[in-house]
Amino acid sequence: MIGVTMSLRDVQSVLLSMFYEDTILLGHSLESDLRSLKIIHSTVVDTAIVFPHRLGLPYKRALKTLMAEFARKIIQDSEEGHDSLEDAVSCVELMMWRIKEDMKIKERKK
């Protein structure tokens with residue numbers, strides 16, 4: 001690969017220095033990224049699982065679709081492709097929405 005200066009092992013080393021066993025990784029369809037990186041991490045919150053497809057696995061709802069439905073925001077609309085920061089912030093927003101909705105349901109049950 002032209003212009004590549006880091007090996008997979010280098011990338012793994014950098015990432016593993018940034019989080020620990022109990023660090024919570026939050027993202028969308030994280031298994032794809034973790035598989036590509038050859039990293040196993042047990043403390044994961046995956047919006048593709050938290051917001052399941054109505055047909056169940058292996059089907060998954062796109063992050064773009066989830067944001068449109070639950071956060072009423074349009075993302076991934078740039079011609080340059082995905083913005084990883086936008087995707088990460090979107091996952092946080094979706095989980096905040098989910099927690100707030102779960103709290104509303106919990107309060108109604110009291």
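Read-outs: derived from the displayed coordinates by stated rules, not from any lab. The model shown is predicted, which means the values in this text are computed figures rather than measured ones. Here the Cβ is made from the backbone with ideal geometry for all residues, glycine too, and neighbour counts use every protein chain on show.
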| note | Of the listed links Lys73/Lys109; Lys64/Lys100; Lys73/Lys104, those spanning more than 25 angstrom between alpha carbons are Lys73/Lys109
| note | Karplus ³J(HN,Hα) for the stretch 11-18 (6.51 cos²θ - 1.76 cosθ + 1.60, θ = phi - 60°; Hz, whole; x = Gly/Pro) runs 5, 4, 4, 4, 5, 5, 7, 8
| said: As an exercise, use a Förster radius of 35 Å and the Cβ-Cβ distance of His53 and Asp10 to find the FRET efficiency, rounded to the nearest 0.05. | reply: 0.50
| Amide H of Arg61: which non-local residues (sequence gap of 5 or more, or other chain) have their own amide H closer than 5 Å, using H built in the peptide plane? | His53
| task | Identify the GluC sites (Glu not before Pro) of the stretch 1-107 meeting these criteria: DSSP loop state and at most 14 other C-beta atoms within 10 Å of the C-beta. | result | Glu21, Glu79, Glu80
| remark: Once amide hydrogens are built 1.01 Å from N within the peptide plane, the residues lying 5 or more places from Val44 or on another chain with amide H under 5 Å from its amide H are Leu25
| query | Most fluctuating residue of Leu94, Leu66, Leu34 in a GNM of the chain with Cα springs under 10 Å: which is it? | reply | Leu34
| remark: In order over the stretch 44-57: 3J(HN,Hα) from phi, Karplus 6.51/-1.76/1.60, θ = phi - 60°, whole Hz, x for each Gly or Pro, gives 10, 10, 10, 5, 5, 8, 5, 10, x, 6, 5, 8, x, 5
| the chain: most fluctuating residue of Met67, Met96, Met18 per GNM, C-alpha cutoff 10 Å | Met18
| message | Could you tell me the relative contact order of the chain? Use alpha-carbon pairs under 8 Å, at least six residues apart, and round to a whole percent. | response | 20
| field | Nitroxide proxy distance, nm - points 7 Å out along Cα→Cβ at Ala71 and Lys100 | value | 1.2
| Expressed as a fraction of 2.2 N^0.38 Å, the rule-of-thumb size for a compact globular protein of N residues, what is the C-alpha radius of gyration of the chain? | 1.25
| remark: Residue-normalised 222 nm signal for the chain, counting each DSSP H run of n ≥ 4 as -39,500 (n - 2.57), nearest 500 deg cm²/dmol, is -14500 deg cm²/dmol
